[in-house]
Amino acid sequence: MEHLITPAEVAKYGRPISKNTDEDKLNAYIIEAEQMNIKPVLGDSLFLSILEKGEDDEKIGMLLKGGTYQSGEKIYTFVGLKAAMSYYVYAKYLMVGDFNATRFGVMMKEDSYSSHISSAERSNAYSDTLEVANCYLEDCVAYCKRNGLMSGNPGSQKASGAVKIRKIGKL
C-alpha cells in the first residue's frame, strides 16, 4: 500500500463528497492526515507495518476496515482506520477544499449558482468532522492495544483536533 486510503475510498468510508473533487487535492489531504493525525498516534513502527502488510494480514485488515471482535469476555465493534482517515481527509477538505493557489494569489471560485458558507459555519463543520475522526481513531487504538499490535503509547501524541496558537497580538 502506498497510503492508508485512496481518494475513491474517501467517499466510500466517510461523508459524501463530490465526484468532481480534484484527486490531487485529496491525495495531498491524505498525506497530511497520515503524517499529522495517524502516524503520531500509532507510532512509526505500526504505521509502516500497516503500509507494508496492508489488508493481507488478518489483524491489520480488521484494523483498516473495522468490524466486530472479542477481547477477553467482551465484544467490541469499530469502523476502522480507513473510516477515521476518511473523516480526517474530509475535515481538511472542508477547511481548504475550495481555495486554489494561483499566480494571482489564493482564490475562491464563485459563480451565480452557489454560495459559500461563513467562516463560523465552516469552522463548526470542521470541528464536528474532526471530533468524529478522533473518536474513530481512538477505537482503532483500543483495537490495536487489545490485539497486540501496539502496547503502551508508541505514538508521541493523542488524537486531537486542537489548534495550536503560535503568536498572539499584532503582526
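First measure r as the distance between the Cβ atoms of Cys135 and Leu48, then evaluate 1/(1 + (r/R0)^6) with R0 = 22 Å and state the FRET efficiency to the nearest 0.05. The value I calculate is 0.35. When the alpha carbon gyration tensor of the stretch 2-95 is reduced to an equivalent ellipsoid, the three semi-axes, largest first, read 24, 15, 12 Å.
Can you compute the FRET efficiency between Glu32 and Arg146 using 1/(1 + (r/R0)^6), with r the Cβ-Cβ distance and R0 = 41 Å? Round to the nearest 0.05. The computed FRET efficiency comes out at 0.90.
Please give the FRET efficiency for Lys65 paired with Glu121, using the beta carbon to beta carbon distance and R0 = 41 Å, rounded to the nearest 0.05. Provide the component values of the computation, followed by the final result.
Working: r = 32 Å, r/R0 = 0.79.
Approximately 0.80, to the nearest 0.05.
How do Ile31, Ile60 line up, fewest other C-beta atoms within 10 Å first? All intermediate terms of the calculation are to be shown ahead of the outcome.
Details: Ile31 13, Ile60 22.
Fewest-to-most ranking of Ile31, Ile60: Ile31, Ile60.
For the stretch 134-143, putting each phi into the Karplus relation 6.51 cos²θ - 1.76 cosθ + 1.60 with θ = phi - 60° gives couplings of 5, 4, 5, 5, 4, 5, 5, 5, 4, 4 Hz, in residue order, rounded to whole numbers and with x for Gly and Pro.
Please express the shape of the stretch 21-62 as an equivalent ellipsoid: the semi-axes are the square roots of 5 times the eigenvalues of the C-alpha gyration tensor, given largest first in whole angstrom. So the equivalent ellipsoid measures 22, 14, 7 Å along its semi-axes.
Read-outs throughout are calculated quantities, based only on the coordinates presented, and are distinct from any laboratory measurement. Computed from a predicted structure; not experimentally measured. Counting neighbours? That spans all protein chains shown, and the Cβs are built from the backbone with ideal geometry, glycine included.
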